[in-house]
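K.L.:
What follows is a single structure, and I will ask about it in a moment.
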């Protein structure tokens, strides 16, 4: 331990670490130093570097950042339809299937004496094999009894395995260097050239145009493929076009993000967009924006920190966007759900309190209760009236007070206000209507109905109540269990 | 041996009295019937379903298709709409193949056949029934939105036009599907279990709608599972259990005898035979009608 401290001290003394980072990252360089890697691990950028990258002064950085942003945009747009067509896993298989295509193309071109790393040729090879992979999946699905997941798993691993084997062969070829080929697996933005960025830009523009023009048609086949077929739409061709867009975005993205991670760019942005909107048009736009944002942030961050691979950082950024959306999204995010649940719980508790007080009011004939009504109910009386915790009751009382349903005399005694009385009457009425309905129409024993009514009274809406009123014109004939009283009694109060 | 020959052989066992070679329904001819099916057999990959169906459906009637689970009710509609491959047989809509008569047919699929968590609202779904009229690329214009709205009004769903479809109840979703078919303004409607799992309000709305369609001279073929309501809702019945057991006016064919034939266990031999037949490797397993 002592030696460790000494090492760190000496490190700081040597000013090995960039100044703003010295506090945060002392430990990392210390261990790294021991491995002899200190120069390369997790160096935070200097201020000058930061400005250079952020203002896109550097030509290379500029190309990479613009390229990956456009890639994210294209993937987000196309990915929306992919996700809605429930093909997320297929796209994973499809991207893995590209590897043998890449390796094989390289081997072939090198063998013929050409430049093996011709990007266009490699992309075409990749595309051909991703289509082959998709066809393999379809063939297995149709002609074997295997289920979809097995078909996808088999094709993915078999193609990938072949790809790795072929890469091994490629790297041992005498002519040509296969060194860069493995970057297609994990991605390497640094090698992105101006031409690549233009290619990505063209793809993004092309897929955006197709998605806008065929928005209506794509929506239809994603929602109801068979109906589209009965309407005479060329569903197969539309489906094929949609998958072609996916293939193109995948192979274009291979070099930047790598074939393992490119699927994330297709699936995560639309999934995140889902938590903000219930309209497809907005979802497509948001998904494109999220994809672009992930590309932008990811490549910027990776340009700032020398040893972070861009592909991985882009995916991490996308997942940040996703997690944020999952938590705080306005269309079904977890936080929103929590608030809604809390609101409902509070409403139920308040309605239970009001109903309980109302039922106590109904007992006013007995002398004891009469005095209670006069002076208000004590906290203890209310606590005993129903199975609730004192904390829950205190919270509920507070919320009922602030809603003006009850009033307290400051002495822990509570009475219903006029507004509260009216509200309570409505709730009791709902409760008893529902009980009567259960007894008369659902054949449930009177001793059992109270619990059922307890749960339902809070969710009955106006329309359902009107129906109940119509069905139960003569409540007097219904024998409701003793604890809640007959509706006639309830009506006489107001 | 072709499926037709096989079916002829099978017929002599059990059901000889039920079939004539040509469909007959009040002298309906191939050219005038809204739906005319001849020798239809569907027995594709792992799902044996329909066996030598002959059927002619009269115009302007409400027709129930009833039968036990797995009787091929849904498949009958899907085969008529070219959605499943046929092993043999011919289907005509007003004398022409479905391909040429799409505009005359409104299809209401089973509600469970789609993902209702899809990010569109009720009006969007109904507008899908108009996409063919709108044509390629052009977005849905005001005019067509109004048209879709009219259809929603007919099923009492206008107040929910802007609601996302996952937030509708099952019955409301069903009415949206009906409205989508209505928007097509077809002459024949084929509905797959529109009454399945719907609330009373929806059931009433659908019944009223069917009456309205009938009054307008439309033909409605409805897959139905509730035998009790058949005599009230429908004036024509097709009893189906892999083959057509009986079809005709409700008061004539909807009787205990025929129901027993449709639902009773008598036909297990036939279903076993059809099942064995469906394993025939020469049957199409995706491509259409290769055995014709």
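K.L.:
Looking at B:129, B:156, which one is closer than 17 Å to residue A:225 by Cβ and within 13 Å of another protein chain (Cβ to nearest Cβ)?
P.N.:
B:129
K.L.:
Can you tell me which condition residue A:338 does not meet? The list is (1) more than 15 Å from the chain's Cα centre (by Cα); (2) surrounded by fewer than 20 Cβ atoms within 10 Å (Cβ to Cβ); (3) modelled with pLDDT under 90, and all the others hold.
P.N.:
It is condition (3) that residue A:338 fails.
K.L.:
Looking only at region B:114-121, decide whether some residue is outside any loop (DSSP other than H, G, I, E, B), closer than 16 Å to residue B:183 by Cβ and within 8 Å of another protein chain (Cβ to nearest Cβ).
P.N.:
Yes, because at least one residue in region B:114-121 is outside any loop (DSSP other than H, G, I, E, B), closer than 16 Å to residue B:183 by Cβ and within 8 Å of another protein chain (Cβ to nearest Cβ).
K.L.:
May I pose another question? Of the residues A:194, A:223, only one is within 14 Å of another protein chain (Cβ to nearest Cβ) and either surrounded by 14 or more Cβ atoms within 10 Å (Cβ to Cβ) or under 24 Å from residue A:64 (Cβ atoms) (or both); which?
P.N.:
A:223
K.L.:
Moving on. From the residues in region A:281-308 that are touching a helix residue (DSSP H, G or I) at 6+ places or on another chain (Cβ under 6 Å) and within 14 Å of chain B (Cβ to nearest Cβ), which one is surrounded by the most Cβ atoms within 10 Å (Cβ to Cβ)?
P.N.:
A:287
Residue-wise test of (1) without any contact (Cβ under 8 Å) to a residue 12 or more places away in the chain; (2) part of a loop (DSSP other than H, G, I, E, B).
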| position | (1), (2) |
| --- | --- |
| B:126 | no, no |
| B:132 | no, no |
| B:136 | yes, yes |
| B:143 | yes, no |
| B:153 | yes, no |
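K.L.:
Would it be correct to say that residue A:80 is modelled with pLDDT of 90 or more, assigned by TED's automatic domain parsing to the domain that holds residue A:251 and touching a helix residue (DSSP H, G or I) at 6+ places or on another chain (Cβ under 9 Å)?
P.N.:
Yes; evaluated as a whole, the condition is true for this residue.
K.L.:
Taking the condition of being under 44 Å from the mean Cα position of the chain (by Cα) and surrounded by 16 or more Cβ atoms within 10 Å (Cβ to Cβ), how many residues in region A:408-425 meet it?
P.N.:
Qualifying residue count, region A:408-425: 5.
K.L.:
Suppose the filter is more than 9 Å from chain B (Cβ to nearest Cβ) and free of Cβ contacts under 8 Å to residues at least 24 places away in the same chain; does residue A:237 pass it?
P.N.:
yes
K.L.:
Taking helices (runs of 4 or more DSSP H) that fall entirely within region B:163-239, which contain at least 3 residues that are closer than 18 Å to residue A:226 by Cα and touching a helix residue (DSSP H, G or I) at 6+ places or on another chain (Cβ under 6 Å)? Before you say what the answer is, go through the steps one by one.
P.N.:
Numbers: elements: B:170-183, B:200-215, B:230-233.
Once the helices (runs of 4 or more DSSP H) in region B:163-239 are filtered for at least 3 residues that are closer than 18 Å to residue A:226 by Cα and touching a helix residue (DSSP H, G or I) at 6+ places or on another chain (Cβ under 6 Å), what remains is B:170-183.
The values are calculated or read from the model by the stated rules, or taken from the named source; none is laboratory data. Values in this document were obtained by computation on a predicted structure and should not be read as measured data. So basically every Cβ, Gly included, is an ideal-geometry build from the backbone, and we count neighbours across all protein chains shown.
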